[in-house]
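Taking it in order: structure first as structure tokens, then the write-up.
The values are calculated or read from the model by the stated rules, or taken from the named source; none is laboratory data. Worth saying up front: this structure is predicted, and the values here are computed from it rather than measured. So basically every Cβ, Gly included, is an ideal-geometry build from the backbone, and we count neighbours across all protein chains shown. Surface accessibility is based on the protein's heavy atoms, side chains included, excluding ligands, DNA and RNA. Shrake-Rupley method; radii C 1.70, N 1.55, O 1.52, S 1.80 Å.
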Amino acid sequence: MSDDRSTTDRAGGAATMSEQSTRPGVLRSIAHRLAGDAAELPIEGHLPSFEGATGWLNSEPLTPQGLRGRVVLIDFWTYTCINWLRTLPYVRAWGAKYRDHGLTVIGVHTPEFGFEHNVDNVIAQSRSFGVEYPIAVDSDYGVWQAFANHYWPALYIADAEGRIRHHHFGEGEYAMAEMVVQQLLLEAGAEGVDPDLVSVDPQGFEVPADWRSLRSPETYLSYGRSAGFASPERARFNEPQAYPEPARLDLNEWAPFGTWTLAAHAAVLNEAGGRIAFQFQARDVHLVMGPSERGASVPFRVLLDGAAPGGARGLDVDEQGKGVVADQRLYQLIREPGRVGQHVFEIEFLEAGVEAYCFTFG
């Protein structure tokens, strides 16, 4: 898609994921492993202004001038992005390990979905995920445009003179990013920098995808943005329509059944009992969704191949597949504990008034 805000960019970045050892001391920094002969990092430009931010969390407003003398790591994110969530353990760990040696981590929250513009949602989710470093709230895309950024997640690292020396889009290459941080800290005169790389223990959403078995892509449910729509009834834009149950679904096809409005922003359920089915292959099934009205809650039930998920339940359902949509966020509905194969996922909403935005997989 041509829109810079699209998660086509997010998914594309995820393809850069690489495996690395988590044993301390196995990977050393560029500066230490070559007997003091540090690799030369390019100068990619100067740290742009953060003036376009609409607000700040966990900090007073920061400026490139005020950050001189410190190494700065800028992390573009949006809180429903599963690709960003899987990078978060590393960013958190780097912030904690190197803060006292001269590193400042800044998270730039640039929203994708409309509800992510709501700063109360950003506050709640940043607390939930343990994001304690400074956050530039970028609801108007001012910082995004200043960096000419196109991706979630995106990482930029600037040296103590305010020059960008490294960037990375998507998941992976954590060792390289940390070695760049170490080298730039040493160049700035930091002492006592531990050359061993951080070891993280991802949990929940943060666990890396099972890339070897993953065959299902990020899929939008809004009108005009989705691939794989397989209802027997033609999709209708922005008007309620009763969709019948499909006879079958092929891999990566999905269909609503019940009365839904396929709007430009999401699939909106008009009557209780509406369902969405998806034929997928992945360890994890996530769905970005929320109640149509703030403060409301909608109970739902998840089925895997027509039965309760049991041990394959995700974080947001019980073994019977029951859960409640009460917030506008990413929900984990399935996490298969064993061998991954093709399955039919279904979610049934027991009341009307829910908006379903996008499936992501892992």
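For the chain, the fraction of 1.4 Å probe accessible surface lying on carbon and sulfur atoms is 47 percent.
Seen against the Cα atoms of the chain and their longest principal axis, helix 174-187 is set at about 30 degrees.
Taking every protein chain into account, the 1.4 Å probe leaves Leu249 with about 20 Å² of accessible area, to the nearest ten.
Taking a ≥ b ≥ c as the square roots of the eigenvalues of the Cα gyration tensor, segment 192-331 is prolate, since a/c reaches 1.5 or more and a/b is larger than b/c.
Label-to-label distance for Ala308 and Arg163 is 6.2 nm, based on points extended 7 Å past Cα in the beta-carbon direction. Farthest toward the positive end of the dipole of segment 83-124, out of Val119, Trp84, Leu103, is the Cα of Leu103, where the dipole comes from beta carbon charges about the Cα centre.
Go through segment 216-247 and name the trypsin sites (Lys or Arg not before Pro) that are in a DSSP coil and have 16 or fewer other Cβ atoms within 10 Å of their Cβ. Present the calculation step by step, with values, prior to reporting the outcome.
Details: sites: Arg225, Arg234, Arg236; in loops: Arg225, Arg234, Arg236.
When the trypsin sites (Lys or Arg not before Pro) of segment 216-247 are filtered for loop state and at most 16 Cβ neighbours within 10 Å, Arg234, Arg236 remain.
Between the residues Ala255, Val198, Pro217, the greatest Cα displacement towards the positive end of the dipole of segment 195-318, with unit charges on the Cβ of Lys, Arg, Asp and Glu, is found for Ala255.
In the chain, the longest principal axis of the Cα atoms and the axis of helix 82-98 are about 30 degrees apart.
Simple rule: put +1 on each Lys or Arg Cβ and -1 on each Asp or Glu Cβ in segment 134-267, find the dipole, and look at Ala267, Leu155, Tyr243; the Cα lying farthest toward the positive end is Tyr243. Across segment 163-302, Cα pairs under 8 Å and at least six residues apart give a relative contact order of 18 percent.
Charging the Cβ of each Asp and Glu at -1 and of each Lys and Arg at +1, and nothing else, the dipole of segment 43-130 about its Cα centre rounds to 380 debye.
What does a probe at Ala188 reach in segment 77-121, counting residues whose amide N is under 15 Å from the point 7 Å along Cα→Cβ? Counting only backbone N, you get 94-107. Here the chain is treated with +1 on each Lys and Arg Cβ and -1 on each Asp and Glu Cβ, and its dipole about the Cα centre works out to around 440 debye.
Per residue, the chain reaches -4500 deg cm²/dmol at 222 nm when only DSSP H runs of four or more residues are counted, each adding -39500 (n - 2.57).
Counting Lys +1, Arg +1, Asp -1, Glu -1, what net charge surrounds Lys97 among other residues with beta carbon under 14 Å of its beta carbon? Let's see the in-between values first.
Numbers: positive: Arg92, Arg99; negative: Asp100, Glu132, Glu178, Asp194, Asp196.
Once all neighbours under 14 Å are counted, the net charge is -3.
Answer rounded, prolate or oblate for segment 210-256, using the Cα gyration tensor with square roots of eigenvalues a ≥ b ≥ c: rounded when a/c is under 1.5, else prolate when a/b is larger than b/c, else oblate. Verdict is oblate for segment 210-256. The relative contact order of segment 308-359, computed from alpha carbon pairs under 8 Å that lie at least 6 residues apart in sequence, is 31 percent.
Could you give the length gained on full extension between Gln65 and Arg248, defined as 0.36 nm per residue of separation minus the Cα-Cα distance, in nm?
Values: separation 183, 0.36 × 183 = 65.88 nm, distance 5.95 nm.
That pair, Gln65 and Arg248, stretches by 59.9 nm at full extension.
Rounding to the nearest 20 debye, state how big the charge dipole of segment 232-362 is about its Cα centre with +1 on each Lys and Arg Cβ and -1 on each Asp and Glu Cβ.
Numbers: 12 positive and 18 negative charges, 47 e Å.
The calculated dipole for segment 232-362 is roughly 220 debye.
Can you give the Rg to Rh ratio for segment 120-181, taking only C-alpha atoms and Rh from Kirkwood?
Numbers: Rg = 13.4 Å, Rh = 13.6 Å.
Ratio value, two decimals: 0.99.
Modelled label positions at Glu132 and Arg234, each set 7 Å beyond Cα in the direction of Cβ, lie 5.7 nm from each other.
Normalised by 2.2 N^0.38 Å, with N the number of residues, the alpha-carbon radius of gyration of segment 310-362 equals 1.18. Taking label points 7 Å from Cα along the Cα-to-Cβ direction, His265 and Leu315 give a separation of 2.4 nm.
Computed with a 1.4 Å probe over protein heavy atoms only, the accessible surface of the chain comes to 42 Å² per residue. Taking every alpha-carbon pair under 8 Å whose residues sit at least 6 apart, the chain reaches a relative contact order of 18 percent. Does a label point 7 Å from the Cα of Ile123, set along Cα-to-beta-carbon, have any residues of segment 59-83 with amide nitrogen under 13 Å, and which are they? Counting only backbone N, you get 59.
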